[in-house]
Amino acid sequence: MLLMDQADLYRAIDSLSEEIIDRSEEIEEARRLPADLAAKLAEVGCFNIIKPAELGGMELPPAQMMEVIAKLSEANASVGWCVMIGATSTLAGAYLDADAAREIYANPRDIHGGVFAPMGKAEDRGDHYLLTGQWQWGSGSANCAWLGGGAMIVKDGELQRHESGAPMHRMMLFPSREADFIDTWHVAGLKGTGSGDFKVAALRVPKAHSASFLSDRPRIEAPLYKFPLFGLLAVGVASVTLGNAKGALAETTALLKAKRTTGGGRSQSQRSTAQTEIARASAALSAAEALLAKAIDTAWQEANGSDPITTDARAELRLACAHMAEVAADVCKTVYTLGGGSAVYLSNDLQRRFRDAHVATQHIMVAPATYELAGRVLLGEDVDTAML
């Protein structure tokens, strides 16, 4: 039976974590989230955590979303990543008209996915779009019932533009059965996310099944959907890196206590260098988590007010997310080094966590360019706030 209560969800995640850990090698080798495991996560409501309540979702605040995704990522970052993508992909339900939203999002066991980047072309045909495109990084798509793909809008052969001159693009939503999947996901880390390409050709998409996260206003006026959408996606990515690093620290602590120095003497945990490195890594991660929690709280408080969310709060949120991803990757590097020679094997959890952490830092929402964006705000320079 589908779980919708937050406390029940946390208990279910605790119950599933052991299975997730036990199946980590299987997930890695499959290069995707196994369908039966995805179904179990869907059954307990993991993909519904920020779906609008009117569509059967939990509509959790961002801080609780972070907790759920980080908790899953402690067990396995690829699992946490797939849940993050599936959960944030339901946000379009707050933008669509009520009938279209129910058609696409009403089934609580459906998993959703997609790619925001406008890698497609949508020809305006009056009451519908004719969509053609191929999208990269379609995480978790193989388990999805519906997909979304960003597309540039073209009419009578001309690219459509806003009054500002910026090109128009919208998220096109369509059943996953309409897409062809391409096995391009041969990567270093986050292997189990199944983030290959998908494509469609001349697919008819009703206009009601599209949304612009840049120019449209959410139909649902709850604080969660006033919260910066790209900031929420960045929080999701940062949450994966946080959980992955916490898991790496816990595994290393246990390893150092059990592992003996050469000759069978004292445990590795008694080495001063190990003690120092673990302490520094723990402090750095805790500090980054505190900064992230503060930034989320500031933006959430503003989302619950009557005024628009300030540019400063948006920039602080994105900065905290990028900082978390960077610190988490450094933590995973530290514990990988402390793991010694055994950490070089692909079957070693520290090896996997190291690779996962450094792939996550490449996501556009937390990539190094985020620092420049936040820095422009801090220095009072002109900045395009569309992606904040």
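Is the range 187-210 home to any residue that is surrounded by fewer than 20 Cβ atoms within 10 Å (Cβ to Cβ), among the aliphatic types (A, V, I, L, M) and under 24 Å from D356 (Cβ atoms)? Yes, the range 187-210 contains at least one residue that is surrounded by fewer than 20 Cβ atoms within 10 Å (Cβ to Cβ), among the aliphatic types (A, V, I, L, M) and under 24 Å from D356 (Cβ atoms).
For the range 268-279, filtered to residues that are at pLDDT 85 or above and in contact with a Ser or Thr (Cβ under 8 Å, 6 or more places away or on another chain), the residue that is most open to solvent (accessible area, probe 1.4 Å) is Q275.
In the range 129-146 there is no residue matching the filter, namely being out of contact with any Phe, Trp or Tyr (no Cβ under 7 Å at 6 or more places or on another chain), exposed (fewer than 14 other Cβ atoms within 10 Å of the Cβ), farther than 25 Å from M365 by Cα and not aromatic (F, W, Y). Tell me, which residue of the range 305-318 that is in contact (Cβ under 8 Å) with a residue 12 or more places away in the chain and over 16 Å from the mean Cα position of the chain (by Cα) is surrounded by the most Cβ atoms within 10 Å (Cβ to Cβ)? Within the range 305-318, the match that is surrounded by the most Cβ atoms within 10 Å (Cβ to Cβ) is R314.
Taking the criterion of being open to solvent by 30 Å² or more (accessible area, probe 1.4 Å) and under 13 Å from L72 (Cα atoms), the residues of the range 1-22 that qualify are Y10, R11, D14, S15, E18, E19, I21. Of these, S215, S282, which one is of a type in the set (S, T, N, Q), part of a helix (DSSP H, G or I) and open to solvent by 40 Å² or more (accessible area, probe 1.4 Å)? Criteria check complete, one pass: S282. Kindly check whether there is at least one residue in the range 245-266 that is touching a residue at least 12 places away in the same chain (Cβ under 8 Å), assigned to a loop (DSSP other than H, G, I, E, B) and in contact with a Pro (Cβ under 8 Å, 6 or more places away or on another chain). Checking the range 245-266: not a single residue is touching a residue at least 12 places away in the same chain (Cβ under 8 Å), assigned to a loop (DSSP other than H, G, I, E, B) and in contact with a Pro (Cβ under 8 Å, 6 or more places away or on another chain). Taking the criterion of being in contact with an Asp or Glu (Cβ under 9 Å, 6 or more places away or on another chain) and either free of Cβ contacts under 8 Å to residues at least 12 places away in the same chain or acidic (D, E) (or both), the residues of the range 347-375 that qualify are D349, G375.
A single entry from G80, G86 fulfils the requirement of being in contact with a His (Cβ under 7 Å, 6 or more places away or on another chain) and either open to solvent by 10 Å² or more (accessible area, probe 1.4 Å) or at pLDDT 95 or above (or both): G86.
Scanning the range 127-149 for residues that are small (G, A, S) and either at pLDDT below 95 or assigned to a helix (DSSP H, G or I) (or both) turns up S141, A142. For the range 161-186, the tally of residues that are within 27 Å of A101 (Cα to Cα), assigned to a loop (DSSP other than H, G, I, E, B) and open to solvent by 50 Å² or more (accessible area, probe 1.4 Å) stands at 2.
Against the definition (open to solvent by 30 Å² or more (accessible area, probe 1.4 Å), modelled with pLDDT of 95 or more and assigned to a helix (DSSP H, G or I)), how does L233 come out, yes or no?
Taking the combined requirement at face value, the residue satisfies it.
Tell me, which residue of the range 98-114 that is among the hydrophobic types (A, V, I, L, M, F, W, C) and crowded, with 17+ Cβ neighbours inside 10 Å is farthest from the chain's Cα centre (by Cα)? Out of the qualifying residues, it is A100. Cβ-Cβ distance below 6 Å, separation of 6 or more or different chains: which pairs start in the range 8-27 with a residue that is on the phi > 0 side of the Ramachandran plot and end on one that is at pLDDT below 95 and in a helix (DSSP H, G or I)? Matching pairs, first to second residue: none at all. Candidates in the range 40-55 are the residues that are more than 18 Å from the chain's Cα centre (by Cα) and among the hydrophobic types (A, V, I, L, M, F, W, C); of these, the one that is farthest from P218 (Cα to Cα) is V44. Annotation note: of K257, K294, the sole residue that is open to solvent by 30 Å² or more (accessible area, probe 1.4 Å) and within 22 Å of the chain's Cα centre (by Cα) is K294.
With respect to the conditions (1) touching a Pro at 6+ places or on another chain (Cβ under 7 Å); (2) crowded, with 24+ Cβ neighbours inside 10 Å, Y95 falls short on a single one, namely (2).
The values are calculated or read from the model by the stated rules, or taken from the named source; none is laboratory data. Computed from a predicted structure; not experimentally measured. Here Cβ is always computed from backbone atoms with ideal geometry, including for glycine, and neighbour counts include all displayed protein chains. Surface areas here come from the heavy atoms of the whole protein model, side chains and all, with no ligands, DNA or RNA. Shrake-Rupley method; radii C 1.70, N 1.55, O 1.52, S 1.80 Å.
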